[in-house]
1. So which of 3, 24 ends up being touching a strand residue (DSSP E or B) at 6+ places or on another chain (Cβ under 9 Å), open to solvent by 30 Å² or more (accessible area, probe 1.4 Å) and at pLDDT 95 or above?
2. Which condition does residue 130 not pass, out of (1) modelled with pLDDT under 95; (2) under 14 Å from residue 236 (Cβ atoms), if it passes all the others?
3. Any residue at all in the stretch 244-252 that's part of a helix (DSSP H, G or I), within 13 Å of the ligand (Cβ to nearest atom) and at pLDDT 95 or above?
4. For the stretch 202-243, which positions are within 16 Å of the ligand (Cβ to nearest atom) and assigned to a loop (DSSP other than H, G, I, E, B)?
5. Taking the stated definitions as given, is residue 62 in a loop (DSSP other than H, G, I, E, B) and either within 12 Å of the ligand (Cβ to nearest atom) or crowded, with 18+ Cβ neighbours inside 10 Å (or both)?
6. Scan the stretch 166-186 for residues that are touching a residue at least 60 places away in the same chain (Cβ under 8 Å), more than 10 Å from the ligand (Cβ to nearest atom) and either open to solvent by 60 Å² or more (accessible area, probe 1.4 Å) or within 18 Å of residue 101 (Cα to Cα) (or both) and jot them down.
7. Only residues that are open to solvent by 50 Å² or more (accessible area, probe 1.4 Å) and near the ligand (Cβ under 9 Å from one of its atoms): list them for the stretch 187-196, please.
8. Find the strands (runs of 3 or more DSSP E) located wholly in the stretch 81-165 whose residues include 1 or more that are crowded, with 20+ Cβ neighbours inside 10 Å and away from the ligand (no atom under 15 Å from the Cβ), and list them.
Amino acid sequence: MKLAAVIGDPISHSKSPKVHGHWLSRYGINGAYVPLHVTADDLGQTLDLLPRLGFRGCNVTLPHKEAVFARADQVTDRAARMGAANTLTFRDGQILADNTDSLGFLSNLRAGSEWTADTPVVVLGAGGAARGVLDALTQAGVPEIRLSNRTRAKADALAELFPNVVVAEWLPDLSGAGLVVNTTALGMAGQPPLEVDLTALSADAVVTDIVYTPLETPLLAAARGRGLTTVDGLGMLLHQAVPGFAAWFGQTPQVDDALRAAVLE
Ligand code: NAP
């Protein structure tokens with residue numbers, strides 16, 4: 001049986017077992033994907049033991065993404081740019097580390113819209129997830145990214161890492177932006193909505209949110225109300241899982257409506 005896991009602390013909230021479980025059954029693979037609650041103290045031993053127990057790899061969630069990156073024997077370029085990993089493959093006694101968050105963001109955006117990378121982008125939020133989004137947009141060739149965060153110092157720090165990022169005021173003017181991305185926690189269930197004025201956006205602008213609980217955040221509802229194309233955040237989670245599944249289970253899986261439905265159950 002082919003085995004893989006997701007490790008984190010906490011772990012019970014993770015939707016990854018549903019994603020991989022759906023694909024395992026759809027492709028008729030004799031495999032299992034299990035959530036493992038792993039504390040920082042147990043991380044080193046866990047990474048030693050998992051390959052010895054027959055695991056082919058694992059996903060990694062908070063708070064271990066930087067620690068596993070530091071322990072890896074080989075890292076992909078995109079993981080190196082992040083200094084963090086979310087996908088490990090165990091092969092020939094080595095740990096190979098990848099970071100698929102930026103790929104997940106971009107694949108979701110492209111699957112859900114006609115977005116092209118030739119106009120300025122506004123990114124709201126400068127937390128952990130924003131870094132992957134900025135990397136994805138930079139790699140896609142976006143000419144200018146306006147980064148806006150409540151705590152400006154965090155946006156300033158990220159702007160040092162990306163030459164095409166300029167820091168904008170919190171809740172910026174959106175004139176000229178072809179894409180608006182919310183990477184803040186605002187709009188998530190239990191959080192206040194993100195209230196940014198969308199009136200300056202042109203009719204072909206795209207608005208996306210990486211928050212996916214609820215699927216349609218107040219920001220996306222407001223954008224849809226203005227007739228703009230919107231892309232919800234669930235697909236980012238689904239697309240980021242593709243490279244790991246392919247590496248561990250030998251089948252490149254499809255992200256489609258059946259997977260979305262299975263994860264939302
Ligand atoms: P994080 O590192 O804690 O960053 C939180 C961000 O939200 C910061 O920019 C923070 O601004 C901002 N924020 C929080 N409360 C705010 C408020 N009341 N007013 C203004 N700004 C506020 O979190 P993260 O890891 O980046 O995650 C952010 C969101 O993305 C979460 O909802 C998470 O579930 C979601 N996410 C989705 C995916 C996916 O696959 N779709 C992947 C990763 C994360 P300050 O810097 O000013 O505090």
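The values are calculated or read from the model by the stated rules, or taken from the named source; none is laboratory data. These numbers come from a predicted model, not from an experiment. FYI the Cβ positions are ideal-geometry reconstructions off the backbone, even for glycines, and counts take in every protein chain you see. What goes into the accessible areas is simple: the full protein's heavy atoms, side chains included, and nothing from ligands, DNA or RNA. Shrake-Rupley method; radii C 1.70, N 1.55, O 1.52, S 1.80 Å.
1. On the way: 24 fails: open to solvent by 30 Å² or more (accessible area, probe 1.4 Å).
None of the other options fit; the residue is 3.
2. Failed condition: (1).
3. Taking the stretch 244-252 first, the residues part of a helix (DSSP H, G or I) are 244-249.
Within this subset, residues satisfying the condition of being within 13 Å of the ligand (Cβ to nearest atom) are none.
The answer is no; no qualifying residue exists.
4. Residues satisfying the conditions are 210, 211, 212, 213, 214, 215, 216, 217, 232, 233, 241.
5. Details: in a loop (DSSP other than H, G, I, E, B): yes; either within 12 Å of the ligand (Cβ to nearest atom) or crowded, with 18+ Cβ neighbours inside 10 Å (or both): yes.
It is true that residue 62 is in a loop (DSSP other than H, G, I, E, B) and either within 12 Å of the ligand (Cβ to nearest atom) or crowded, with 18+ Cβ neighbours inside 10 Å (or both).
6. 181
7. So the first thing to find is which residues in the stretch 187-196 are open to solvent by 50 Å² or more (accessible area, probe 1.4 Å), and the list is 188-193, 195.
If the condition is that a residue be open to solvent by 50 Å² or more (accessible area, probe 1.4 Å) and near the ligand (Cβ under 9 Å from one of its atoms), then 188, 191, 192 are the ones that fit.
8. Numbers: elements: 87-91, 94-98, 121-124, 145-148.
Output list reads 87-91, 94-98, 121-124.
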